[in-house]
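What follows is a single structure, written as structure tokens, with notes after it.
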Amino acid sequence: MTSPVTVPVGRRVVVRYRRPAGSHPPLTDVVGVVTAADDESLTVEGPRGPVTVRRADVVVVKAVPPAPVRRGRPHTAIGSTDLERLMADGWRAVEEEWEGDWLLRASSGFTTRGNSVLPLGDPGLPVEAALDRAEEWYAGRGLPARVHLVLPPSGDAADDPLGATLITRGYHVVQPTLVMTAGASDIDPLREGADPVTVEATLSARWLEAYARQREVVPGVTEQVLTGSAGQWFLSVAGRSGQIVAVARMSVHPGWAGLSAVWVDPDSRGRGLGRAVLHAVGLLARQHRLTSVYLQVEADHEAAVGLYESDGFRRHHAYAYLTR
């Protein structure tokens with residue numbers, strides 16, 4: 001049996017559990033998002049409302065992909081809220097706390113994603129009160145309050161009710177980001193003659209040293225975030241001197257792979273290293289029967305967007321951070 005305590009709140013699962021004695025059938029299932037888990041019970045928001053199961057009655061818990069919200073292939077049929085939930089599971093913050101359907105995340109300042117509120121629905125409080133609570137939560141950790149906001153089709157945060165409220169409170173938009181998805185089968189295979197890509201299941205000191213050349217790391221915290229998913233691989237390419245000149249991280253989800261932490265040494269750009277890493281991710285995903293891949297890229301990074309589009313990725317939605 002998989003212990004309910006090991007299942008993070010916010011993950012979509014199927015739970016098989018025992019019904020009361022004499023019931024027929026003796027076992028039943030519930031599929032939905034985990035909203036609470038402790039030593040005694042597990043609560044899942046199922047299609048007909050919340051279902052609370054005693055831990056002693058649980059037979060098995062299995063993570064499952066998000067349910068489609070429209071027709072099409074899995075990487076296009078998924079809704080933005082479910083994809084955001086999935087991506088949060090692929091980059092887990094050191095400290096996480098739910099306020100209704102808002103996820104408060106803190107990681108000692110390491111990455112904006114790991115230090116921002118992710119609103120996924122109703123916070124269970126009036127919005128202004130929920131924002132007061134979030135601001136106090138971040139202030140208590142010496143961090144600025146930031147909100148990760150999925151942008152409306154117009155791309156203007158002011159056209160979103162929460163975005164308009166934040167702007168009224170003095171927040172401003174930073175770091176507009178595209179979420180792009182592709183079918184793993186759409187990503188080209190590794191090309192003959194491409195630089196070899198090393199894939200490791202554990203975070204190595206060499207990989208982390210190369211990663212630290214692109215951004216400031218927080219010892220202990222960075223490692224925890226990078227290894228905090230249910231599963232991940234670390235990809236790298238070594239230059240002629242043996243020093244790593246390109247890295248990427250791939251998180252693993254039911255049916256999905258997530259690409260993050262992509263970096264190529266400036267002196268080694270133009271050699272196709274980024275494409276080699278991307279193709280290696282596609283190969284890994286196919287080998288492990290992960291049908292879809294997601295990534296995030298800053299909206300104004302035209303070269304990266306062009307690279308991803310040339311390998312079958314398309315825009316799914318956009319988000320930005322609002323901060324004071």
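The values are calculated or read from the model by the stated rules, or taken from the named source; none is laboratory data. None of the values given here were measured: they were computed from a predicted structure. Every residue, glycine as well, gets a Cβ built from its backbone with ideal geometry; the counts of neighbours run over all protein chains shown. To get the accessible areas, we keep the full protein, side chains included, count just its heavy atoms, and leave off ligands, DNA and RNA. Shrake-Rupley method; radii C 1.70, N 1.55, O 1.52, S 1.80 Å.
Numbers at a glance
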{"read-out": "Whichever residue in segment 48-67 is within 15 Å of Arg11 (Cα to Cα) and part of a loop (DSSP other than H, G, I, E, B) and, among such residues, is most open to solvent (accessible area, probe 1.4 Å)", "value": "Pro65"}
{"read-out": "Within segment 195-214, tally of residues that are touching a residue at least 40 places away in the same chain (Cβ under 8 Å) and either within 11 Å of Ala248 (Cα to Cα) or basic (Lys, Arg) (or both)", "value": "7"}
{"read-out": "Test: residue in segment 289-299 that is outside any strand (DSSP E or B) and among the hydrophobic types (A, V, I, L, M, F, W, C)", "value": "yes"}
{"read-out": "Qualifying positions in segment 89-112 - in contact (Cβ under 8 Å) with a residue 60 or more places away in the chain and either assigned to a loop (DSSP other than H, G, I, E, B) or more than 18 Å from Ala37 (Cα to Cα) (or both)", "value": "Gly90, Trp91, Arg92, Ala93, Val94, Ser107, Ser108, Gly109, Phe110, Thr111, Thr112"}
{"read-out": "Pick from segment 208-230, criterion at negative phi and small (Gly, Ala, Ser), ranking: most open to solvent (accessible area, probe 1.4 Å)", "value": "Ala230"}
{"read-out": "Qualifying residue in segment 155-162 (condition: in contact with a strand residue (DSSP E or B) (Cβ under 8 Å, 6 or more places away or on another chain), part of a loop (DSSP other than H, G, I, E, B) and surrounded by 13 or more Cβ atoms within 10 Å (Cβ to Cβ))", "value": "yes"}
{"read-out": "Some residue of segment 79-92 being open to solvent by 70 Å² or more (accessible area, probe 1.4 Å) and either under 30 Å from Gln296 (Cα atoms) or not acidic (Asp, Glu) (or both)", "value": "no"}
{"read-out": "Residue selected from segment 188-207 under the condition touching a Phe, Trp or Tyr at 6+ places or on another chain (Cβ under 8 Å) and either buried (at least 16 other Cβ atoms within 10 Å of the Cβ) or of a type outside the set (S, T, N, Q) (or both), by the criterion nearest to Ala106 (Cα to Cα)", "value": "Leu203"}
{"read-out": "Identity of the residue in segment 204-231, under 18 Å from the mean Cα position of the chain (by Cα) and in a loop (DSSP other than H, G, I, E, B), that ends up modelled with the lowest pLDDT", "value": "Ala230"}
